[in-house]
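Accompanying notes for the structure given below.
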Amino acid sequence: MTSVLLVDDDPRMQVLGRKVLERQGYRVVVAADGGEAAAAADTEPFDVVLMDLEMPRVDGHQAMRLIKASHPALPVVAVTAYAMAGDSERCREEGFDDYISKPYEIGQLRSLVARLATRP
Amino acid sequence: MRLLSRRSAVVFFFVITGVPIALLIYSAIAISTSSAVAQAENGAAGSAQTSAVFIHQRFEAVAVQVDTFAKQTMAPAMQGGPNHYDMAGIGAGLSDFIRVQGDVDTAFVTDPQGQLVSIAPQRNDLVGKYLTGDDWYRGVRAQNSPFVSGLSSTAARQSLDSVAIATPVTSRPGAAPVLYGYVVALFGLQQIQEFVDEFQASNGTGVCLVDSAGFVLAEPGLEPGSVTSWPAGDAMMRGALLGHPGQAPMTHDGVQELAAYAPVPGFGWVVVADVPRSVALGAAERLRMTMLTIAGILAVMLFVGLVVGWSLVHRAQQSASYRSRMESLTRLNEAARAVHAERGLRALQIIASRARELVVADFSALGVWDPETRRMDLVAHDASADLSDPALQHLAARLIEPRKPALAASRGMLVELIGDGHDVDRRGLGPSLLVPVTAGDRVLGCLAVCRLEGSPDFHSLNESQLLQMSQHATSVLEKARHDTEREAFMDRLSDTNAELERANQLKSQFLARMSHELRTPLSAIIGFSELLLEGGSGRLNQDQRGDVNEIASAGRLLLDVINDILDLSRIEAGRMRLDREPIRLGSLLTDVASALRPLAHEKALELRVAIVGGDPPVLADPLRFRQIVTNLVSNALKFTREGGVTIRLLALPKEVEVSVLDTGIGIPPPALEYVFDEFSQVESGGGLEGTGLGLSIAQRLVQLHGGSIGVDSEVGVGSRFWFRLPVAAGAAASLALAAPPAEEAAP
């Protein structure tokens with residue numbers, strides 16, 4: 001069963017993401033900040049990490065680097081309300097595997113996760 | 001080198017050459033004229049003398065003959081007195097006498113009482129007449145010896161054309177001579193007149209014989225028998241009658257003459273010889289003419305010399321003035337170079353030095369007016385080598401510092417200005433000159449020069465030279481002021497720029513922040529709406545679905561507004577970057593039409609694409625081109641209730657025109673010009689959705705592409721929004737071969 005680590009400090013987005021993905025049959029673990037996310041990633045295996053960027057304490061950028069340091073193969077997707085031109089490119093350069101801006105279409109999120117999770 | 005002034009040079013030349021020559025000519029003429037006059041006078045005197053002697057001798061001879069006749073012939077006939085006269089002898093004697101003496105035409109004998117006894121030629125009517133009233137009778141009785149009368153009138157002869165020569169007839173000389181009577185001969189003046197005429201004919205000298213009574217006996221051209229008197233007022237004549245010879249100029253018949261007076265001894269007559277001045281002075285006149293000719297030639301030579309000398313002096317002066325002008329130009333040039341090469345005080349110092357040299361002053365001072373301290377500050381001064389007294393600086397400061405702008409502006413002699421109650425020590429200072437340093441109406445300072453006491457005054461040329469120098473000082477001062485102002489301005493500008501940069505950054509951060517903060521709740525709104533519509537948490541009835549759809553579409557509209565605002569602000573901040581490439585627009589238009597067709601179908605509208613006259617490539621950013629067309633088409637669909645919308649691509653010679661034509665409500669003319677302004681939707685009466693930013697963004701993006709955009713509209717008929725993009729010149733050929741343009745893409 002595909003498991004997704006959903007990292008977001010906004011409880012509404014945690015609920016929305018969990019519902020969107022669980023209805024699709026994914027297992028969803030939620031982390032409220034970067035530190036929790038890194039700890040969770042070390043505790044159990046995940047197929048995809050959906051990472052908000054702006055979070056208190058450890059932000060998404062640091063968390064992505066922490067996770068990539070110990071799990072280089074684990075895909076990390078930036079999910080952010082920063083949707084200015086070039087944000088997408090910057091994230092990819094930084095090391096994120098993909099980028100999706102908020103608000104997203106729920107179908108869009110599901111197909112992205114499906115694509116990354118089945119990646120060999 | 002200082003040259004004589006032109007006038008003094010001419011005067012000098014004239015004096016050293018003209019005066020000696022004029023003196024020489026004058027004295028030569030004077031000497032020659034006086035010698036000729038003397039010669040002429042001598043000649044006249046000689047003529048008079050000769051004539052006098054001749055006349056004297058002539059009459060003396062006649063007198064002697066008369067006397068001899070009286071003694072030898074008449075005495076015997078008259079011996080014994082009147083009662084014993086031998087009348088026949090007397091008559092025969094007289095007849096013989098006039099026959100022998102051709103000059104004597106009449107001779108007669110009287111008794112001692114003057115009674116005529118006998119006369120030849122014989123005149124019986126006169127015999128016995130007493131002739132005691134005659135001149136000769138009074139004369140001979142008075143001197144009792146032969147007597148020659150003047151022009152004589154006698155009862156024995158009516159005409160006045162003779163001179164009587166009378167002699168007493170006495171007994172033989174003894175103890176007491178007895179007077180027997182008188183013998184008188186009348187001598188015709190004809191003889192004398194002939195002599196005078198001959199004399200004048202031979203040497204041009206007129207001789208005039210005047211008797212003691214002032215009657216003219218003979219003169220050239222005198223008619224015998226006419227009586228002419230010598231002018232009574234002639235003093236020279238009175239002197240000559242008293243026996244003194246003399247000479248005098250006189251005018252005779254309007255001719256200038258020289259006259260010589262010579263007394264005839266014994267007769268009381270005077271001979272006057274007169275020579276016309278032209279004759280007497282002929283030689284002197286010729287000499288004078290010669291001298292005058294020489295003088296004329298010399299004068300011409302003198303004049304030529306003067307002209308040549310003048311032109312030489314003039315040329316020398318010109319070259320001197322040229323040199324001095326060159327020197328002054330050199331100084332002005334140096335000052336001008338200093339203005340360009342040097343700055344500030346160094347340049348002002350050079351100007352002060354050059355100004356002093358330019359007007360040949362002993363020292364110069366340059367003051368700058370400080371409007372804050374209200375003082376004229378001495379900034380530069382310069383003194384000649386023999387004036388290197390350090391006290392000069394104080395002197396210069398004293399000259400400069402009391403100047404106020406108004407006073408400095410009234411340029412002129414410094415000494416006059418010093419009189420205005422300023423405490424300036426003028427010891428040792430001579431002529432001075434002050435000019436203001438001005439820029440327009442503002443007085444920036446003053447430039448003063450001064451010569452030492454006893455030096456020549458400055459002239460007006462110096463003032464204009466100094467003014468030129470002061471203009472250089474103006475340049476320096478103005479440049480310095482501009483530099484300062486420019487630096488201050490640049491500082492302010494860079495401060496402003498930094499502030500603007502900060503403000504811009506803050507704005508960008510704010511926009512990014514706002515976008516982020518709006519998007520997060522929108523994510524929840526749109527996301528949960530979609531979840532509800534998905535029906536995973538229970539199916540919604542029709543009414544509920546409708547409501548949730550409204551929530552979702554309102555959320556998406558808000559998202560569009562946010563995106564449009566971000567785009568606009570990016571364009572306005574100049575941060576919109578275009579990724580331009582040569583593209584054909586046909587397929588892009590078809591894509592946009594496909595994406596928007598569902599929206600059109602919702603309103604039962606047709607959406608068509610028409611490509612007319614080819615599809616040449618243009619240089620454009622595909623993403624932004626799509627955005628432009630999407631905005632225009634969305635706008636058209638929004639304002640169209642029935643009919644349809646057509647997207648038309650038209651290839652023009654150098655441009656590609658995209659038109660979006662609708663059959664909508666149209667735009668009233670007054671609104672047309674605001675149609676591209678932000679948030680300017682036309683009052684439509686219906687609840688039309690939209691950000692109100694789409695047309696603005698489209699316009700700006702077209703402009704970023706170097707294209708043009710516009711709209712034609714008719715209310716109730718429809719609108720045509722169009723934009724044109726330039727054809728990509730370089731890329732045209734390659735793309736034209738690669739992909740043949742589609743003629744029309746059906747909806």
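Quick check on this structure: which one of A:ARG115, A:ARG110, A:ARG90 is in contact (Cβ under 8 Å) with a residue 60 or more places away in the chain and within 30 Å of B:ASP560 (Cβ to Cβ)? Answer to the check: A:ARG110.
When you look at B:LEU506, is it away from chain A (no Cβ under 14 Å) and in contact with a Lys or Arg (Cβ under 7 Å, 6 or more places away or on another chain), yes or no? Working first, answer last.
Values: away from chain A (no Cβ under 14 Å): yes; in contact with a Lys or Arg (Cβ under 7 Å, 6 or more places away or on another chain): no.
Judged against the criteria, B:LEU506 is not a match.
Within region B:71-82, residues that are on the phi < 0 side of the Ramachandran plot reach partners that are surrounded by fewer than 19 Cβ atoms within 10 Å (Cβ to Cβ) and part of a helix (DSSP H, G or I) with beta carbons closer than 6 Å, at six or more positions or on different chains, in the pairs B:ALA77/B:GLY89. Inside region A:4-39, can you point out the residues that are small (Gly, Ala, Ser), more than 14 Å from chain B (Cβ to nearest Cβ) and open to solvent by less than 20 Å² (accessible area, probe 1.4 Å)? Hits for region A:4-39 are A:ALA31, A:GLY34, A:ALA37, A:ALA38.
In region B:439-457, which residues are open to solvent by 10 Å² or more (accessible area, probe 1.4 Å), small (Gly, Ala, Ser) and assigned to a strand (DSSP E or B)?
Residues of region B:439-457 open to solvent by 10 Å² or more (accessible area, probe 1.4 Å): B:439-444, B:451-457.
This time we only want the ones that are small (Gly, Ala, Ser), so: B:439-440, B:454-455.
Once the filter is applied, which keeps residues that are open to solvent by 10 Å² or more (accessible area, probe 1.4 Å), small (Gly, Ala, Ser) and assigned to a strand (DSSP E or B), region B:439-457 yields only B:ALA439.
Residues of region B:213-234 that are in a loop (DSSP other than H, G, I, E, B) and surrounded by 17 or more Cβ atoms within 10 Å (Cβ to Cβ): B:GLY214, B:GLU219, B:LEU222, B:TRP230, B:ASP234. Exactly one residue out of B:SER494, B:SER537, B:SER523, B:SER529 is surrounded by fewer than 17 Cβ atoms within 10 Å (Cβ to Cβ), within 14 Å of another protein chain (Cβ to nearest Cβ) and either of a type in the set (S, T, N, Q) or part of a helix (DSSP H, G or I) (or both), and it is B:SER537. Among the residues of region B:40-81, those that are surrounded by fewer than 16 Cβ atoms within 10 Å (Cβ to Cβ) and within 30 Å of B:GLU285 (Cβ to Cβ) comprise B:ASN42, B:GLY46. So in region A:70-107, with the set limited to residues that are within 13 Å of chain B (Cβ to nearest Cβ) and open to solvent by 50 Å² or more (accessible area, probe 1.4 Å), which one is farthest from the chain's Cα centre (by Cα)? Applying the filter and picking the extreme gives A:ALA85.
So is A:ARG57 within 14 Å of chain B (Cβ to nearest Cβ), more than 14 Å from the chain's Cα centre (by Cα) and of a type in the set (Lys, Arg) or not?
Working: within 14 Å of chain B (Cβ to nearest Cβ): no; more than 14 Å from the chain's Cα centre (by Cα): yes; of a type in the set (Lys, Arg): yes.
For A:ARG57, the condition - within 14 Å of chain B (Cβ to nearest Cβ), more than 14 Å from the chain's Cα centre (by Cα) and of a type in the set (Lys, Arg) - is not met.
Residues of region A:108-120 being in contact with a strand residue (DSSP E or B) (Cβ under 8 Å, 6 or more places away or on another chain) and away from every other protein chain (no Cβ under 12 Å), which ones? Walk me through it before giving the result.
First, the residues of region A:108-120 that are in contact with a strand residue (DSSP E or B) (Cβ under 8 Å, 6 or more places away or on another chain): A:108-109, A:112-113, A:116-117.
Passing the criteria: A:LEU112, A:VAL113, A:LEU116, A:ALA117.
Would you mention how many residues in region B:361-386 are in contact (Cβ under 8 Å) with a residue 60 or more places away in the chain, part of a loop (DSSP other than H, G, I, E, B) and not acidic (Asp, Glu)? The qualifying residues number 1. Residues satisfying the criterion are present in region B:570-586 (criterion: in contact with a helix residue (DSSP H, G or I) (Cβ under 6 Å, 6 or more places away or on another chain), within 14 Å of chain A (Cβ to nearest Cβ), over 14 Å from B:GLU657 (Cβ atoms) and outside any loop (DSSP other than H, G, I, E, B)). Just give me the residues in region A:42-54 being within 13 Å of chain B (Cβ to nearest Cβ), under 21 Å from A:ARG115 (Cβ atoms) and not aliphatic (A, V, I, L, M), in sequence order. Once the filter is applied, which keeps residues that are within 13 Å of chain B (Cβ to nearest Cβ), under 21 Å from A:ARG115 (Cβ atoms) and not aliphatic (A, V, I, L, M), region A:42-54 yields only A:ASP52.
If you scan region A:8-45, which residues turn out to be part of a helix (DSSP H, G or I) and among the β-branched types (Val, Ile, Thr)? Outline the logic, then answer.
Going through region A:8-45, the residues part of a helix (DSSP H, G or I) turn out to be A:11-22, A:34-43.
Passing the criteria: A:VAL15, A:VAL20, A:THR43.
Could you grab me the full set of residues in region B:283-342 that are among the small types (Gly, Ala, Ser) and under 22 Å from B:SER32 (Cβ atoms)? Steps first, please.
First pass over region B:283-342, keeping only residues among the small types (Gly, Ala, Ser): B:283-284, B:295-296, B:299, B:305, B:309, B:311, B:316, B:319-321, B:324, B:328, B:335-336, B:338, B:341.
Those that are among the small types (Gly, Ala, Ser) and under 22 Å from B:SER32 (Cβ atoms): B:ALA283, B:ALA284, B:ALA295, B:GLY296, B:ALA299.
The values are calculated or read from the model by the stated rules, or taken from the named source; none is laboratory data. Because the structure is a prediction, the values reported are computed rather than measured. Cβ coordinates were reconstructed from backbone atoms using ideal geometry, including for glycine residues, and neighbour counts include every protein chain displayed. In case anyone asks, the SASA skips ligands and DNA or RNA and just uses the protein heavy atoms, side chains included. Shrake-Rupley method; radii C 1.70, N 1.55, O 1.52, S 1.80 Å.
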